[in-house]
Every structure is written in structure tokens, then in C-alpha cells.
1. One residue is enough: does the range 236-249 have a residue meeting the conditions under 20 Å from the mean Cα position of the chain (by Cα), under 18 Å from Leu300 (Cβ atoms) and charged (D, E, K, R)?
2. I'd like to verify a number: residues in the range 228-256 that are surrounded by fewer than 23 Cβ atoms within 10 Å (Cβ to Cβ) and of a type in the set (Phe, Trp, Tyr), how many?
3. One residue is enough: does the range 123-140 have a residue meeting the conditions assigned to a helix (DSSP H, G or I), buried (at least 19 other Cβ atoms within 10 Å of the Cβ), polar (S, T, N, Q) and at pLDDT 90 or above?
4. Counting only residues that are assigned to a loop (DSSP other than H, G, I, E, B) and either free of Cβ contacts under 8 Å to residues at least 40 places away in the same chain or of a type outside the set (Gly, Ala, Ser) (or both), which one in the range 277-300 is surrounded by the fewest Cβ atoms within 10 Å (Cβ to Cβ)?
5. Test each condition in (1) touching a His at 6+ places or on another chain (Cβ under 7 Å); (2) at pLDDT 90 or above for Ile179 and report the one that comes out false.
6. Restricting to the range 90-145, what's the tally of residues that are within 16 Å of Leu177 (Cα to Cα) and either free of Cβ contacts under 8 Å to residues at least 24 places away in the same chain or of a type in the set (A, V, I, L, M) (or both)?
7. Any residue at all in the range 160-181 that is farther than 16 Å from Val45 by Cα and either without any contact (Cβ under 8 Å) to a residue 24 or more places away in the chain or hydroxyl-bearing (Ser, Thr, Tyr) (or both)?
8. Being crowded, with 24+ Cβ neighbours inside 10 Å, within 17 Å of the chain's Cα centre (by Cα) and farther than 26 Å from Pro222 by Cα, is that true of even one residue in the range 168-176?
Amino acid sequence: MKNDANASLQQALMPAPSSTLGTVSARPVGGASIKNLPVSLFAAVMGLSGLSMGWRFVHTEYGVPRVMSDAIGLFATFVFVVLLVGYGAKLLRHPAAVKAEFNHPIAGNFFGTIAIALLLQSAVLGTYESALGRAVWVVGTVATLLLAAHVVSRLLGGNCHPAHAVPAWIIPGVAALDIPVTGSHMPMAWAGEVLLLSAAVGSVLALVLFTMIVTRLIQHEPLAPAMTPSLLILVAPFEVGLAAYVNLTGRVDLFAGLLFYFGVFLFVVLAPKVFRRSVPFGAGWWAISFPLAAMVNAGLKYASVREVVPLKIVAGAFLFALTAALFVLTVRTVRVLFNGRLLAS
């Protein structure tokens with residue numbers, strides 16, 4: 001089973017062979033089918049929604065026109081609806097494929113991207129209609145906690161191969177941390193206790209799973225090239241943890257700074273491993289979007305309370321860099337969608 005985990009996650013992230021980052025062939029590899037739509041594509045909604053939240057923050061904090069936040073947020077909602085329709089069609093036409101994906105020890109964790117997308121969309125939609133935002137948040141919260149319970153139950157069932165401990169494992173833990181990130185303003189009387197529950201579940205899960213994943217990366221074979229972008233998922237618990245901690249405590253203190261800077265340290269270590277031309281392009285590249293968006297949002301929030309001008313400049317530069325990166329990912333994804341490679345068998 002030496003390479004089973006690599007083959008399994010490579011199939012989940014990039015169902016069809018693809019080219020390097022430099023070129024994308026226009027010739028489809030096989031017949032395109034909705035059956036091959038990967039659930040990991042919901043990470044695109046996560047990244048785009050997080051980017052919208054970053055631009056909204058600079059609008060609120062520095063008076064930047066909100067047109068960027070609105071445009072990106074609405075585009076994220078459009079992508080979410082398209083993916084929901086597409087994956088709903090996959091569920092109706094190929095329920096066995098969806099069931100196999102959900103029960104897979106690695107690919108099943110990517111269903112957490114749907115839950116996180118719901119939570120982040122609640123923040124985007126809540127800007128325009130608070131009641132809609134609350135409803136979406138409640139649905140996302142229930143889905144997130146149920147998924148976290150399912151994943152933990154499956155892990156505690158035993159027979160998990162050590163090589164299966166890949167960065168995707170951490171998604172359900174990060175999902176739970178996103179509940180206090182997006183729900184700190186909820187007016188319901190019970191919301192505060194749900195935020196504490198979610199923070200407890202998310203922080204402990206993230207800590208335990210992060211340790212297991214790092215141990216696997218040290219002691220077992222490297223990730224396959226197609227899975228390499230998922231390494232940046234390891235940044236997310238610390239940057240999302242900062243946002244959750246600040247929302248729960250109402251302050252950006254020393255502990256928040258420690259979380260932020262360790263996430264930045266991980267990014268600096270992992271970025272050279274991820275951003276290489278030898279890493280093939282596929283749906284798995286969207287795994288970088290939300291960790292980077294979380295780091296940018298954490299950096300903007302942290303910089304806003306520190307009287308360090310270079311820090312503010314760097315945080316702003318990262319926001320522009322993230323915007324450019326997600327624009328490139330969107331264009332590349334549309335290209336492989338229309339040339340048939342994204343949904344090819």
C-alpha cells in the first residue's frame with residue numbers, strides 16, 4: 001500500500017491527467033461526464049468568498065470602494081450555485097460515485113469544503129440580506145458539525161493506513177473553526193454556546209490531525225505532484241484559528257500574533273514546494289485558495305491593530321497577490337472545463 005494514498009488523493013483532486021502549469025492541452029483525455037466532477041472544486045467558493053471578505057475588510061477599515069468585495073462575492077455565489085447544481089446532478093445520475101467519494105478515507109474529507117463554502121457564503125450573503133445570511137449559517141453549522149462527527153467516528157474505527165494522513169484530513173477541523181469566524185454576530189440566544197462548541201471541536205481536531213499529517217509527511221513517501229498544492233492546507237488552522245479566537249475574545253493579543261506568524265512561517269516553508277512548474281494543473285490547485293485567503297484576512301486584521309506601517313503594506317500587497325492568483329486559477333479552470341479535461345474520465 002506504499003503508493004495507495006498518493007493514487008487515491010491524486011484521483012480525487014485531479015480525475016483526469018493534466019499538463020504542467022506552463023501548458024494545458026486542448027485535446028480531451030476521455031469522455032467528459034458530470035460523474036467526474038470532483039467535490040474538491042468547492043474549495044474555489046471558499047477561496048473566492050474569503051477574498052471577498054478581505055476586500056470588504058479594507059473597505060470598512062480604510063475606505064476602499066466596496067465594488068471589489070461585491071463583485072468577487074457575487075461571483076463566488078454564482079460559482080457556488082453552479083457547483084451545487086452540478087454536484088446535485090452527479091448525485092441524481094451517479095449516486096454510487098458520490099457515495100464512494102463520501103466514504104473514501106481521503107476524498108471524503110473534501111465534503112468539508114461544501115460546509116465551509118456555506119459558512120463563508122453566509123457572511124457574503126448576510127451583507128445584503130441578514131435573514132438569508134443567518135439561515136445559510138445555520139445550515140452550514142449543522143452540516144459542519146455532523147461531518148466532523150462522521151470523520152472522527154470513521155477515524156476511531158481503526159484500520160487507517162498511516163499514509164492516508166494527508167493535508168485533506170484537516171479540512172473538517174478547519175470547517176468547525178469557521179463557525180465562530182462567520183457566526184460571531186449571530187443574534188440567536190444559543191449561538192454563543194454553539195460558537196464555543198465549534199471552537200473546541202475545531203481547535204482540538206486541527207491540533208491532533210496536524211500532528212498526524214506532519215508525522216506522515218516526515219516518515220512516509222512525499223506526496224504525488226498532483227497533490228502538492230494541498231500542502232498549503234496546513235497553513236489554514238493557524239490563520240482561521242486567529243480569526244476564530246479574535247471573534248470569540250474580541251481582541252487581537254499576543255496569542256493571536258503567535259497564530260498569525262506561525263501560519264506565515266509555514267507558508268514560507270511550503271510555498272517553494274508548491275509553486276513549481278513541475279506541479280501539474282488540475283482542480284487540486286484550488287486547495288491553495290482558502291489557506292491563502294485565510295492568511296490574507298488574518299494579516300489584514302492583525303496589521304490593523306499594530307502601529308507598524310510595513311506590516312500594513314505587506315498585508316495589502318498579499319491581498320493584491322491573492323486577487324491575481326485567484327484570477328489566474330479561475331481562467332485556467334474555465335479553460336480546462338471548456339476543453340473537456342476537467343470532467344474527463
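1. yes
2. 2
3. no
4. Checking each candidate, the answer is Arg277.
5. Single failed check for Ile179: (1).
6. Number of matching residues: 13.
7. Within the range 160-181, none of the residues are farther than 16 Å from Val45 by Cα and either without any contact (Cβ under 8 Å) to a residue 24 or more places away in the chain or hydroxyl-bearing (Ser, Thr, Tyr) (or both).
8. Yes; the residues of the range 168-176 include at least one that is crowded, with 24+ Cβ neighbours inside 10 Å, within 17 Å of the chain's Cα centre (by Cα) and farther than 26 Å from Pro222 by Cα.
The values are calculated or read from the model by the stated rules, or taken from the named source; none is laboratory data. Because the structure is predicted, anything quoted here is derived from the model rather than measured. For neighbour counting, all protein chains shown are included, and Cβ atoms are generated from backbone atoms with ideal geometry for every residue, glycine included.
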